[in-house]
Structures are given as C-alpha cells and as structure tokens.
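Got a structure for you, written out below as structure tokens; questions coming shortly.
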Amino acid sequence: MSRASISLSAGYVLEFWARGPGSIRISQGDALLWQVPAFSEHVDFFRYHHSRSGGVSVEWDRSEAVLFAYGYDPAAVAEVGITIWDFGGEALTLRTGAEVDAWMRSDAMRPVLHFSPVRQWMNDPNGLSKRGDSWHLFYQFNPASTEWGPMHWGHALSTDMFNWVHQPVFLHPEQNLWRLGATGGAFSGNAFEDRDGSRMFFYTERLPAYDLVKGYREVQKLARPDPGSLGAAGIETVIATRPEHEGVEHDFRDPKVWWDEAAGAYRMVLGAALHGDPAVLLYGSANLHDWSYLGPLYRAPARYREHGARAVECPDFFLLDGKWVMVMSFVGYTEPASGRHNLLYALVGEFRDDRFIPDSDNLQLLDFGTDFYAMQSFAADGRQLALAWLFNWEDRKPAGSPYSGEMSLPRELRLDGAGRLCMLPVAELDAAWPAMPLSSEADGGFALGGAPFELRLSGSLEGTRIVASQQGAPSFEVQVSAGRLTIRLPQDDGKIRYEAELGTATDLRLVHDRGIIEVFADHGAVCGTRRSYRNVAPDRVEVISAAQFTVSERSAPKRV
C-alpha cells in the first residue's frame, strides 16, 4: 500500500472514477473515515465528503486503478477550481489553479489558446452561457478514458473565454453504463435562461445502448442547476418518445430551446432524420415540461442521405441581425467532390408561423477544413458567440496523451451583406493573449519562438503561399491559387481536398496554436479549421504574397 498525509477542510469533496484491481482508504488517526476495500472490474464513480478539518491519511494500492480524481471545497471551487489528485506508485500529487495550468502547458503537444480538459476525452460544447462576469463552458466528457465512452458533462468557468477554471463534473449518466457493458449517457444540449432569469439545461440522455449506429433510444431531459452550478439539483424527462410516424428512428437528440415571442410559447429544435434524410424537428411547449411535436423544420435533400448522412446532430437555431439562422452538423456525410466528411452547414431565412423559409436552398458550408464540428452558439452581451469541437475523426491523437479533444477559438457570428453567416475570433483574444509583431529575417522568413502565432493579410491574395516548418520538416501550408484557398498538412495524401472558393476576398487571417490552424477570409465568410499532430511547434514561417501582411506571436497570458 502507498500512503500520503494531507490536510482537508470541512466540507471538502473528493470525486473519482476507478476500476479494479485496487483499493483506497482514508483515515484519521486510528479512525477509519471511508474506504473502497476493492474496486470492481467495471468502472465505478465514487464521492467522499469530508466532515471535519484536519489531517488525514490516504492509502491506496495500484495507482493505475484510479482513472481520474479531483477534490474541491464547494465554497471556493468557482474561484480556484478543482484540485487534481494524481496517484503515483509512491506519492500523491495535488495540483490546484495555477499548478494545473502549469502542468497542462508543460505538454508541448497541447494547444494553449484553445480549451482542453485536464485529462481524458472531450467532444461537443454544451450549455454555453454567461452568468454575471463568468462564462460557462460545459462539454461532453468521458472521465474514465482518453477514448469516447459513457458521456458526462464537464464544466469550466472563465472571465475572458481563454483562461479557464476547471469545475466538478456537472452531469452524470442516469445509470452506470460500464457495469451494463453499454454506451450512452448525458449527450448534448443547451443552457436556457427563462424570462424570470432562472437558468436550466436541456439535454439528451442516450439510454443504455449496445450499437452505436442503430436501435438505441434517446430521451430529452431538463436539468436545473444547484446554487453553485456544481451539479443538477433536479432532472426530469420532458420528451420520452420520438415521432415514429414521421420515420424518426434512433437519432433524436441535441435540443436547443428558446422563448419565441411571436408564438408566445417555448420552442425546441432537435436533430433527427426523416425516413433516412437528415432533418431538424420543431417542438413547442407552454410550460417547459409538456412538449408537443409541431413538425419538421427542415429536411435535407436526398443526395445527403445517398452519400452517407445519417442524421442532423447539434442543430442550432437563432435570430441574428433580423434573420433566422439554422446551423446543422451532418453526421456520416461524405462530400463526393472533395472527400470531406461530417460537415457543418448553415441556412439563413425567415421563421413565421412555426415554419422556416430559407432565403436560398443552397446550404452554406461553414468550415472547409472540417475540424470544426457540433458548433453551439449563444447570445451574450448583445453578441452571438459560438464554440465548436475541434476534431473530426480523420486523425487521432497520438497514444500516450493524457487527454483528447479541444475546442475552437470562441467566435463571434454576424451576417454580411450577401446573407452569409460569418465567424471571426472574439475580440477578447487580444486582451487575453496580446499580439507582438515579428520582424522578418534577412531572407524574408520569420523565426518563431514556439508561442501561438497569427498572420494577417490585406490586399490581393492570388498567389499567396504560407509555409510553416519545424526543423526543416513541414508543419502546414496555406495557398491561394486560381481563386481557391487550400490548407495542407503533412499527413494529407490528396484523397481529401481541404479547399474553398475565395472569390474576390482581400483579407485573410490565420491563427496557429500547437497544431491547430484556424483560417478566416472574406471577413469570416470563408473559414477553415485543421488539426495536426505532426510538427506542431513550427520554428519558421515564410510568406509569399502580393498582399500586405504582418506576422505576430501571441504572448503568454496572465491568470486572472
């Protein structure tokens, strides 16, 4: 047995996930306070509440049995965050606040501008909102592995959307899915603030599932947070059955709820498929508890189903600049011309009498790079802001990493004069990570010091070529040729083409952060996001362009 002596405050909470063989024991003097004599062969979740301030002895064997552990003082966790407990073979290491940040940033492969979990698997952003001065990010989380698995909601707070304080896990599956040998859990959903200021969360629970692509059951739930938003004070199922008469089978998820002034009632959109065609469904309610199916709000043309699209995931529907915007992720779809898959689209139009009338039937591709998926937007401070999961299954994180998954840069949304949805990084980036312009070397290239960097170009972009390298090996290449913008990474073999029509655009912005490339052109109407795990720390970038350009590094932020 390994042993450590630590001091815990009254009310301290320890939460962890473990799988046997192994055990843990907490004692005070000769008194046994709490123990798990033997972890089972299945993953289990454990919570220990400490009642009296003072020193305790923590004993454990088989440190690898504890998969993820943290503790917190409920009265202080919003300010200082959780304390990560790392069980070693002989020592217990505790990290809080700045120590957690320093440990995360010591990983040379981990981006620093982009949010990532301390450990384990993360995917879709959920419950995005602002309360007072705090931005809330919830996210799909598997606390037991760096691979996808039973879904929970992780949680983090920030005052600037870039420096995050990690919070306790907010939502858990309603059953222990590991013991059932099943997948499922607390899937995606949104935060909703009612007219009286009360906040709640709507989300999908996938009930125990034994097949990832068919036959499962999904229900919609409403969760009300406890006063500290450390967990749910109450959860109820509000939609238990799907409209099977419409050909809706197993995909039925990811609610987005709002109060609709014109209807004088609540509305919800859900992602689904109608007889195999990706679709967005509309529901209505007078009280947030009893919901009625109002019909399909959108159904994709048959060609998407014919090329693999199984359903709409994470639908978003919101009012922006006097128009209604629908955003949809098409899971399973492969674009025939380019080979890109799981694409994100937008439509802009009118919403009248519970009908959506698009201005055009042509779907706008929101990201030609494809590593920008499951986008969720929310209104705050008079702006429509959004985050997306920065991953698309094409390339996997190398083995051995303590985590998997990042979020995109926070983006502000607007419509341009042509009715296109445009996205640019939020202005808070400049304050959180100030830009420091670099000077070129004698040969015209720019030496990079390992920090995130940014390029801005203005003018004629035709013929532009941006090449970043690490010790002479390629990191990425961005090119404009024949009016098309292309991103190429070292692993690209040409089977998939990551490119977009640029038109007459005269502006281009590129942000690079340890293997993440986010490109914005034509004032954000053309966006491309890629994730690479090779040569993620370029030491040199060369720019060939007729446009005026600057290269800047983003300085390290100060914890606030």
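Since every read-out is calculated from the coordinates, none of them should be taken as a lab result. This one's a predicted model, so the numbers in the text were calculated from it and none came from an experiment. So basically every Cβ, Gly included, is an ideal-geometry build from the backbone, and we count neighbours across all protein chains shown.
Using only the Cα atoms of the stretch 114-261, build the gyration tensor, take square roots of its eigenvalues as a ≥ b ≥ c, and label the shape rounded, prolate or oblate: rounded if a/c is under 1.5, else prolate if a/b is larger than b/c, else oblate.
It comes out oblate by the Cα gyration axes.
Given an 8 Å cut-off on Cα distances and at least 6 residues of separation, report the relative contact order of the stretch 452-502 as a percent.
Values: 67 pairs, mean separation 12.8, N = 51.
Relative contact order comes out at 25 percent.
Something else now. Residues with amide H under 5 Å of S145's amide H, sequence separation 5 or more or different chain, H placed in the peptide plane at 1.01 Å from N; which?
Correct list: W121.
Same structure, new question: Once each part is reduced to its C-alpha centroid, what is the distance from the stretch 308-329 to the stretch 451-474 in angstrom?
32 Å
Shape of the stretch 343-491 from its Cα gyration tensor (a ≥ b ≥ c, root eigenvalues): rounded if a/c is under 1.5, otherwise prolate when a/b > b/c, or oblate?
prolate
Evaluate E = 1/(1 + (r/R0)^6) for E261 and T334, where r is the Cβ-Cβ distance and R0 equals 30 Å; express this FRET efficiency to the nearest 0.05.
The formula returns an efficiency of 0.15 here.
Evaluate E = 1/(1 + (r/R0)^6) for E174 and Q35, where r is the Cβ-Cβ distance and R0 equals 25 Å; express this FRET efficiency to the nearest 0.05.
Numbers: r = 26 Å, r/R0 = 1.06.
E(calc), rounded to 0.05, equals 0.40.
Here is a further query. Whole-Hz ³J(HN,Hα) for each residue in the stretch 116-126, computed from phi via Karplus 6.51 cos²θ - 1.76 cosθ + 1.60 with θ = phi - 60°, x for glycine and proline: what do you get?
Per residue, the Karplus-derived 3J(HN,Hα) values read 9, x, 4, 9, 6, 8, 9, 9, 3, x, 9 Hz.
Then there is this: Given R₀ = 25 Å, what would the calculated FRET efficiency be for D226 paired with W103, taking r from the Cβ atoms and rounding to 0.05?
After rounding to 0.05, the efficiency reads 0.30.
Report the full-extension gain for the segment T159 to R352: residue separation times 0.36 nm, less the Cα-Cα distance, to one decimal in nm.
So the extension gain works out to 65.8 nm.
From the helices alone, meaning DSSP H stretches of at least four residues, give me the mean residue ellipticity at 222 nm for the chain, per-run term -39500 (n - 2.57), in deg cm²/dmol to the nearest 500.
Numbers: 5 runs with 26 residues, N = 560.
Value at 222 nm, helices only, nearest 500: -1000 deg cm²/dmol.
Moving on to the next point. Run down the lysines and flag those whose C-alpha is under 19 Å from the C-alpha of K256, throwing out any fewer than 8 positions away in its chain.
Partners within reach: K130, K221, K323.
If you don't mind, another one. Along each principal axis of its Cα atoms, how long is the chain end to end? Whole angstroms, biggest number first, please.
Cα spread of the chain along its principal axes, largest to smallest: 77, 66, 42 Å.
Quote to one decimal, in nm, the extra length available between R303 and R534 on full extension: 0.36 nm per residue of separation minus the C-alpha distance between them.
Roughly 79.7 nm would be gained on extension.
Let me ask another. Could you work out the relative contact order of the stretch 433-539, using alpha carbon pairs under 8 angstrom and six or more residues apart, expressed as a whole percent?
Result for the stretch 433-539 is 27 percent.
Contour minus end-to-end for R217 and S2, with contour as 0.36 nm per residue of separation and end-to-end as the Cα-Cα distance?
73.0 nm
Let me ask another. Find how many whole Å separate the alpha carbon centroid of the stretch 368-433 from the alpha carbon centroid of the stretch 221-268.
Cα centres, the stretch 221-268 to the stretch 368-433: 24 Å.
Beyond 23 Å, what share of the Cα-Cα pairs of the stretch 433-554 is found? Please give it as a whole percent.
I get 23 percent for the Cα pairs in the stretch 433-554 exceeding 23 Å.
Cut-off is 10 Å between beta-carbons; in what order do W34, W291, W85 appear when sorted fewest neighbours first?
Listed from fewest to most nearby Cβ atoms, that is W34, W85, W291.
Return the long-range amide H neighbours of R310 (sequence gap of 5 or more, or a different chain), with a cut-off of under 5 Å between placed amide H atoms.
V331, G332, Y333
Follow-up. Over the chain, what is the relative contact order in whole percent, taking alpha-carbon pairs under 8 Å and six or more residues apart?
10 percent
Can you give me the C-alpha center-to-center distance between the stretch 22-49 and the stretch 89-107, rounded to a whole angstrom?
Taking the Cα centre of each part, the stretch 22-49 and the stretch 89-107 sit 23 Å apart.
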